[in-house]
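Before any comments, here is the structure.
Read-outs throughout are calculated quantities, based only on the coordinates presented, and are distinct from any laboratory measurement. A quick note: this is a predicted structure, and the numbers were derived from the prediction, not measured. Because the Cβ atoms are built from the backbone with ideal geometry, glycine has one as well, and the counts that use them run over all protein chains shown.
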Amino acid sequence: MNTIAPAYFPEKKHSHPIVYMFLMLPFGITGGYVTITLAFLFGKIGVSMSNIAGLATAILLIGIFKFLFGPLVDGFLTLKKWCLISGIFTAIGMLALGILPLKESSLTPLFWIILAGNVAVSILGIAINGLAAHNVPEEMKGRVSGYINTGNLGGTGLGGGVGLLIAEHTSNPLLPAAILAVVCMLCSLGLLFVTEPVNLVRHPDVGKNIANMLTDLWDTLKTKMGVLAMVLCFLPLCTGALQNLWSGAAGSWSAGATTISFVEGIFSGLITAAGCLLGGWICDRVDRKRAYLFFGLLLAICAVGMAYCPHTEIMFIYWTSIYAFILGLCYAGFSAFVFEVIGRGAAGTKYTMYACLSNIPILYMTKIEGWVFDSKGKTETFHGATGMLNIEALLGVVGIIIFLVLMRVLKVQKSVK
């Protein structure tokens, strides 16, 4: 794919993929603490949901633009230094979240603290993906994808679930943030088990440095696999958009608050994490492109099954749990495919570019499915809760067909294992 990529990967002892799970935990911890712990605590004192949602906006804003940090990470310093520096600032940002008192006037400064903290955690994620791309051999790219996604989800559970548990049993608002900040710092110990890769893209001259990264990016994008991955980022396939709508749709299954907390809480995260690990394992044993398509088909079948089973609370728990597990397969499948496509070089920049673009179908599918749920019609096939599930399945199958046609047109071969 990339003619100079092999030079980045000299013979050495490889990092075990599980190391990247621990390195990635802070990425999830910060998001989980904001969207679960802080959201609950502010809601408890009567702050409106619209104001609370503003805190999550800070995370989303950085998530959209974080690809801009990729050239900085790939072009200057070393990946391990970036991990350490951003890890320290992530921990500081985590600690800062507990300094302000729990009252509505704290929301505005908290927004800016979250914004700054997520710049640090985004850089951390870019550097970790770069290290994984360089240090993990091709035959283990699936497993490292599973572990990285598990670290993100496990971190969300720590930041949200454990953070809330501590907050509920202490009168000191700083304590949960301080404990999680220490956890974030301890995760940096994983760097001891990672080798700094040789990266021939980096150059002392800034102009040459930028030119090398742009050349490396273009060399990836112009390949058949690069084109395929780019198109994949826009397809309505494996989006998991329904995860954003379960709370609002739960009434159609007579599901209560306890059920919703289960579906969207730490247990759901554990189910998805299990899917990530299995999905990564599968992707190291079969063609990753076809594995991703198969996972997308499973997600579509799950949606149809949920649509036409009785709309009861127990069925809501059953099908959303299956959906969460399959979504874990999809997460690992996407990451494994992207790792295969990007090779090495400016890997952090390339991975982040694809990851940012993949948010586009999540956004438009969430809007479409929400519109279908609210719509009224003579039949339920494409209206209401049943229609919402059917449209996810239908568009998912359309995405699979487009992907298969493009593979045939480009004559993309199976991955060699």
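Descriptive notes on the structure:
- Rg/Rg_ref, the chain, where Rg_ref = 2.2 N^0.38 Å and atoms are Cα: 0.98
- Of K44/K376; K141/K222; K367/K411; K103/K376, pairs whose Cα-Cα distance is over 31 Å: K44/K376; K367/K411; K103/K376
- Here is how the number arises for the chain: DSSP H runs of 4 or more residues each give -39500 (n - 2.57), the sum is divided by the residue count, and the result at 222 nm is -22500 deg cm²/dmol.
- In nm, spacing of pseudo-spin labels at I85 and A56 (7 Å Cα→C-beta vector): 3.2
- For a 4.7 Å threshold on C-beta separation, the list of partnerless cysteines in the chain reads C83, C184, C187, C233, C276, C283, C302, C309, C356.
- For region 151-168 versus region 218-272, the gap between their alpha-carbon centres in whole angstrom: 20
- Sequence-distant contacts, meaning Cα pairs under 8 Å at least 6 residues apart, place the relative contact order of the chain at 25 percent.
- Per residue, the convex hull around the alpha carbon atoms of region 116-201 comes to 103 Å³.
- Packing order of peptides 334-345, 99-110, 279-290, highest average first: 334-345, 279-290, 99-110 (average count of other Cβ atoms within 10 Å over each peptide's residues).
- With each label modelled as a point 7 angstrom along the Cα→C-beta vector, the K44-R408 pair spans 5.7 nm.
- Net charge, M21 excluded, C-beta distance under 15 Å - Lys, Arg +1, Asp, Glu -1: +2
- Burial ordering of M230, M213, fewest other beta-carbon atoms within 10 Å first: M230, M213
- Net charge of Cβ neighbours under 15 Å - reference Q243; Lys, Arg +1; Asp, Glu -1: -2
- Residue separation of L186 and S254 scaled by 0.36 nm, minus their Cα-Cα distance, works out to 20.2 nm of gained length.
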